[in-house]
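Please treat every number below as a calculation from the coordinates, not as lab data. Just so you know, these numbers come straight off a predicted model, no measurement behind them. With ideal geometry, Cβ positions are generated from the backbone for all residues, glycine too; neighbour counts draw on all protein chains shown.
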Amino acid sequence: MDYDKLAELLFPSITKTPADIEAAFPKRMLPEGARVTRLGPSPTGFIHLGNLYGAFVDERLAHQSGGLFYLRIEDTDDKRYVEGAVDTVIDSLQYFGIHFDEGAGKDGETGNYGPYYQSRRGAIYQVFVKDLVRRGLAYPSFLSQEEITALRAAQEAAKEMPGIYGKYAKERGYSYEDIEQRLQKGMPFVIRLASSGSPDHPAQITVEDGIRGTLTMPENFQDVVILKTTGIPTYHFAHAVDDHLMGTTHVVRGEEWLSSLPIHVELFQKLGFPLPVYCHTSVLMKVDENGSKRKLSKRKDPELSLDYYKELGYHPRAVKEYLLTILNSDYEEWRIANPDTPWEDFPFTMEKMSSSGTLFDLDKLNDVSKDVLVKIPAASLADFLRTWAAAYRPELSDVLADEKLVKILDLGRDGKKPRKDLVCASQMFEFIKYFYDEYFVVEDAMPEETKGDEKKILEAYLASYDHSDDQSAWFEKIRGIATDLGYAAKPKDFKKHPEDYKGHVGHVSTVIRIALMGRSQSPDIWAIQQIMGEEQVRRRIETAAASL
Ligand code: GLU
């Protein structure tokens, strides 16, 4: 077979050679050791937590080494295109502080290695496909879907591996004339790789995975499709050509790609490209209601979607901080030792990543979030809460516009042991909503110990209330009310001699708390009253007393 002639027959309009293309994609001029990574999403616009997790690895590898991180849209499967998907990807990652240095963008593309949409790179791929045909390493295949299905059924019945390989790769033996005839009939064709792997005795190949270390697996022997009937390549082929030409040094992708790694190794070999460092991240797992560990699922677990965090109002810094704790096993330790250091200073390495399923735990995220939020100034938290409300709870925008919001969010956060009870915007609002009359509800019951005395307590409180009292003067008055009504002025006195008292000062102040906040737990009452203002305090106490 004259492969040159065959290549011309199949790709008459492709006149460039691989060398021409290589010349148009020169080696990147980057410092020694700089890593080039990319995110290659399909344009469905759905970016989930697993993608974000992977994107963090990309981002760290690139930016920690003085390299770069680019966005390439893998849109070879046109059925999956969703309008606005690129903007969604960029915005979603931007929200969590991840930016691309190059590639597909909101206003077109940036960088010298484009186009960054695979659908626009058809001619480039075909140059390489044509070259493989010319070298006898790829061939046209005219099998119809029915023929492939029938073959698969026969192979399954004979308990053989399905696919086109070895004796099933009959079309490898077609003559030039056989092929020409079919083309003349207008038969659609794909291009398959002529694998040199052995179906009977596949050799073992080894690959050094950036995360998993040395991987040993059987070589590929399938004549996989590299170019579809549409002239568009498959993922296998497109990523090989692109990652080579675009200078990707590290391919970070999910472990679901591990099984096709042998195909990729063979493709890189046949194309004459050096293999990038593959880094297969592990899937995110959770412990479910039954206590068993399982993969996070799009269908069952809303927390897999990034929108979940946006809707609940998790601060992006908190999500980022949490992802770092699950990305690298020693991040938490580092964070404790370096509480105020920017996260970018953490020496991230792939060796410290898990390769056997990363456990994602919402409770842990909440804990991390509390630690992160306590360090964010109240004014900035207030802005965050308002921005969140504008997007997800617009009906709250008016009440949150009030300037007292900053003071409310700052309650109890000064001093040595600041309160760490803010988790996310939706919870923050629930936590502080008693300040706003529209949202004030009485949630808790009065304590047992004060039964029958509530009205008296509140009336005495109102009578003695002086908004200008400082905290200790204010508390002395509560003690006075407590003792007048037969309650211990100190909890420890009550504990020692419970028979002498109805309860203690804490029970008395709980009555006040419930009248003011509707809750038995809250930050410091005096501080809250100072934010509420005298009018609101008196009104709440009066209303509660009147309702008893
Ligand atoms: N387009 C592939 C996907 O959406 C990307 C895999 C890769 O990063 O190589 O899963």
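At a glance:
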{"read-out": "Share antiparallel - DSSP beta bridges, the range 166-295, percent rounded to 5", "value": "70 percent"}
{"read-out": "Karplus-derived HN-Hα couplings along the range 92-104 (A = 6.51, B = -1.76, C = 1.60, θ = phi - 60°), whole Hz, x at Gly and Pro", "value": "4, 6, 4, 4, 9, x, 10, 10, 9, 8, 6, x, 4"}
{"read-out": "Charge-dipole axis of the chain as Lys and Arg at +1 and Asp and Glu at -1 on Cβ define it, positive-most pick from Leu68, Cys279, Ile514", "value": "Cys279"}
{"read-out": "Table column - 3J(HN,Hα) (Hz), the range 226-234, Karplus curve with 6.51, -1.76, 1.60, x for Gly and Pro", "value": "10, 10, 7, 4, 6, x, 9, x, 7"}
{"read-out": "Extended-chain gain in nm, criterion 0.36 nm per residue less alpha-carbon gap, Glu333 and Lys420", "value": "29.4 nm"}
{"read-out": "Protection proxy ranking, peptides 46-59, 157-170, average beta carbon neighbours within 10 Å, highest first", "value": "46-59, 157-170"}
{"read-out": "Percent RCO, i.e. relative contact order, over the range 278-391, from Cα pairs under 8 Å lying at least 6 residues apart", "value": "35 percent"}
{"read-out": "Cα-Cα over 20 Å, subset of Lys295/Lys364; Lys286/Lys364; Lys16/Lys130; Lys417/Lys477; Lys375/Lys433; Lys456/Lys496", "value": "Lys417/Lys477; Lys375/Lys433; Lys456/Lys496"}
{"read-out": "Contact order normalised by residue count of the chain, Cα under 8 Å, 6+ apart, percent", "value": "11 percent"}
{"read-out": "Protection proxy ranking of 214-224, 183-193 - average other beta-carbon atoms within 10 Å, highest first", "value": "214-224, 183-193"}
{"read-out": "Packing-based order for 284-296, 499-511, 403-415, using average beta carbon neighbours within 10 Å, highest first", "value": "499-511, 403-415, 284-296"}
{"read-out": "Nonlocal amide H pairs with Ala488, under 5 Å, H built at 1.01 Å", "value": "Lys502, Gly503, His504, Val505"}
{"read-out": "Ranking of Glu535, Glu443 by count of other Cβ atoms within 10 Å, fewest first", "value": "Glu535, Glu443"}
{"read-out": "Placed amide H near Gly136: partners under 5 Å, 5+ positions off or other chain", "value": "none"}
{"read-out": "³J(HN,Hα) computed for each position of the range 448-458 - Karplus, 6.51 cos²θ - 1.76 cosθ + 1.60, integer Hz, glycine/proline x", "value": "4, 4, 9, 3, x, 9, 4, 4, 4, 4, 5"}
{"read-out": "Lys352/Thr216 FRET efficiency (R0 25 Å; Cβ-Cβ; nearest 0.05)", "value": "0.65"}
{"read-out": "For the range 298-325 versus the range 352-419, the gap between their alpha-carbon centres in whole angstrom", "value": "13 Å"}
